[in-house]
1. Output yes when any residue across the range 29-44 is of a type in the set (G, A, S) and touching a helix residue (DSSP H, G or I) at 6+ places or on another chain (Cβ under 8 Å), and no when none is.
2. Going through G32, G26, G55 one at a time, which residue ends up being of a type outside the set (D, E), within 9 Å of the chain's Cα centre (by Cα) and either surrounded by 13 or more Cβ atoms within 10 Å (Cβ to Cβ) or on the phi > 0 side of the Ramachandran plot (or both)?
3. Name the pairs whose Cβ atoms lie under 8 Å apart, with the first residue in the range 8-24 and within 13 Å of G43 (Cα to Cα), the second surrounded by fewer than 21 Cβ atoms within 10 Å (Cβ to Cβ) and among the hydrophobic types (A, V, I, L, M, F, W, C), and 6 or more positions between them or separate chains?
4. In this structure, does T48 turn out to be out of contact with any Ser or Thr (no Cβ under 8 Å at 6 or more places or on another chain) and part of a helix (DSSP H, G or I)?
5. Count, please, the residues in the range 7-23 that happen to be hydroxyl-bearing (S, T, Y) and in contact with a strand residue (DSSP E or B) (Cβ under 8 Å, 6 or more places away or on another chain).
6. Condition first: in a loop (DSSP other than H, G, I, E, B) and of a type in the set (G, A, S). Now tell me which residues in the range 1-21 satisfy that.
Amino acid sequence: MPNGCVRVDSIGEHPFQTTNPKVFAGGDMVRGSDLVVTAVFEGREAATGICRYLGV
């Protein structure tokens, strides 16, 4: 966790998946304080990754 943030893969098969395959993170957890629109975008991308992970 560099700078107290969680590391994720924002580009892979399951966007915003952490090193624990059952945990996804985005927004301030990944970047630190940032714009709310960035957090919303990352949340949507994480939701896409979660759906792919679950096969939905």
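Just so it is clear, none of the values below were taken in a lab; they were calculated from the coordinates. These figures come from a predicted structure and were not determined experimentally. Neighbour counts run over all protein chains shown; Cβ positions are idealised from the backbone, glycine included.
1. Checking the range 29-44: at least one residue is of a type in the set (G, A, S) and touching a helix residue (DSSP H, G or I) at 6+ places or on another chain (Cβ under 8 Å).
2. Every option except G26 fails the conditions.
3. Within 8 Å, the pairs are V8/A25; V8/V30; S10/V30; H14/I50; F16/A25; F16/V30; Q17/V23; F24/I50.
4. Yes.
5. Count: 1.
6. Matches in the range 1-21: S10, G12.
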